[in-house]
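Notes follow the structure.
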Amino acid sequence: MSFPSSITDIVTSTLESRSKVIADNVTKNNAFLSFLKSSGNVKTVSGGSQILQELSFAENGNFGWYSGYDLLPVAAQDVISAASYTLKQAATPVVVSGLETLQNSGREAVLDLLEARMGVAEATMANKISEGIYSDGTGSGGKTITGLQAALKAVATASQTGTYGGITRDTWAFWRNQYEFTISATPTAAQLLTAMNSLWAKTVRGSDRTKYILADNTSWALYVASLQNVLRVMTDQTSGADMGFPSVDFMGAKVVLDGGIGGFMPTGKMYFINPKYFFYRPHKDRNMVPLTPGKRVAINQDAEVQILAWAGNMTCSNLSLQGVLNFATS
């Protein structure tokens, strides 16, 4: 028996039923997003032209020691501000032609076809968002996610300039990340450890410190090589805390391989991440869902389409406790 409803209705309903699975797959596909999710820092956006991320940029100047009847200062204190981020958009259309509808006229046949198409759409969306998370935000004419390469600058801390989240690093020193470099483009394991020790110290504020160190293939291999003469036990990769990503401890932080085959970690870098201050902010109405519930039929083609859509960005509320280790050329 042929299936009487429009093929687009099946595409839409299938996308709707899978949307949460697709969104979950995106976070599971990326170590950084997985750790943000486990830290409770995947927070949806409800609306607005910008995504605002509140932050404190100064201490309360009213603090002071006093004795007896001394007067206490009560001046207004401007210590809270917000970084602003553009809402970025992404889409993956799933298309079915009229001929394919005829060739797959039974419901099961249609669903088999869609299953394959959905799998490709899901994988594509997961990969592209993962790539965007590590990007500098300039791809596709500045339409990509404002990723880690935009947030964490691989230059000396005092030399950081430009605007991120609507705040200029030139003017505001609190809006600069920590930075360390090795003494060569191809460092030894010992040189890498020295740089890691230095950067780790820069990103500690009491008990507030780096929790994850994201490593590319090269830096991961060097770090593991540095441990060969020390008894180490690889972290249980099946535990919830590690989300299945290979990791080894360093000063209480997890050194995580987020490279491997098809990884998007920039070559020759390690990111020292305090996930308390990073946020993944998908829009509540556009987090891997069908763009519209109705038909989208080509005017001059025998084809129907439904679009898997996403909107949001990545934000940060504190850069001074984040760091990047870069392999320098000199």
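State whether the residues of the range 45-62 include one that is among the aromatic types (Phe, Trp, Tyr), over 18 Å from Ala309 (Cα atoms) and modelled with pLDDT of 60 or more.
No, there is no match, as no residue in the range 45-62 is among the aromatic types (Phe, Trp, Tyr), over 18 Å from Ala309 (Cα atoms) and modelled with pLDDT of 60 or more.
What number of residues within the range 34-56 are within 15 Å of Gln89 (Cβ to Cβ) and small (Gly, Ala, Ser)?
Adding up the residues that qualify gives 3.
Can you name every residue in the range 156-173 that is in a loop (DSSP other than H, G, I, E, B), hydrophobic (A, V, I, L, M, F, W, C) and more than 22 Å from Ala195 (Cβ to Cβ)?
The one that is in a loop (DSSP other than H, G, I, E, B), hydrophobic (A, V, I, L, M, F, W, C) and more than 22 Å from Ala195 (Cβ to Cβ): Trp172.
Would you confirm whether any residue within the range 195-217 is loosely packed, with under 13 Cβ neighbours inside 10 Å and either in contact (Cβ under 8 Å) with a residue 60 or more places away in the chain or among the aromatic types (Phe, Trp, Tyr) (or both)?
yes
Among strands (runs of 3 or more DSSP E) lying entirely in the range 270-330, which contain 1 or more residues that are modelled with pLDDT under 90 and among the basic types (Lys, Arg)?
Filter on the range 270-330 gives 278-290.
Tell me which residues, restricted to the range 192-226, are of a type in the set (S, T, N, Q), in a helix (DSSP H, G or I) and either at pLDDT below 90 or closer than 22 Å to Phe264 by Cβ (or both).
Asn217, Thr218, Ser219, Ser226
Restricting attention to the range 177-186, report how many residues are of a type outside the set (Val, Ile, Thr) and modelled with pLDDT under 85.
Here the count works out to 2.
Closer than 21 Å to Gly268 by Cβ and at pLDDT below 90 - does that describe any residue in the range 162-175?
No, because not a single residue in the range 162-175 is closer than 21 Å to Gly268 by Cβ and at pLDDT below 90.
If I go through the range 125-152 residue by residue, how many of them are at pLDDT below 90 and surrounded by fewer than 17 Cβ atoms within 10 Å (Cβ to Cβ)?
Final tally of qualifying residues: 1.
Scan the range 311-329 residue by residue and report those that are surrounded by 24 or more Cβ atoms within 10 Å (Cβ to Cβ) and closer than 30 Å to Met118 by Cα.
Hits for the range 311-329 are Gly312, Asn313, Met314, Thr315.
Looking at this structure, is Tyr164 in contact with a helix residue (DSSP H, G or I) (Cβ under 9 Å, 6 or more places away or on another chain), aromatic (Phe, Trp, Tyr) and within 30 Å of Leu222 (Cα to Cα)?
no
The values are calculated or read from the model by the stated rules, or taken from the named source; none is laboratory data. Not measured: the values here are computed from a predicted model. All Cβ positions, glycine included, derive from the backbone under ideal geometry; neighbour counts span all protein chains shown.
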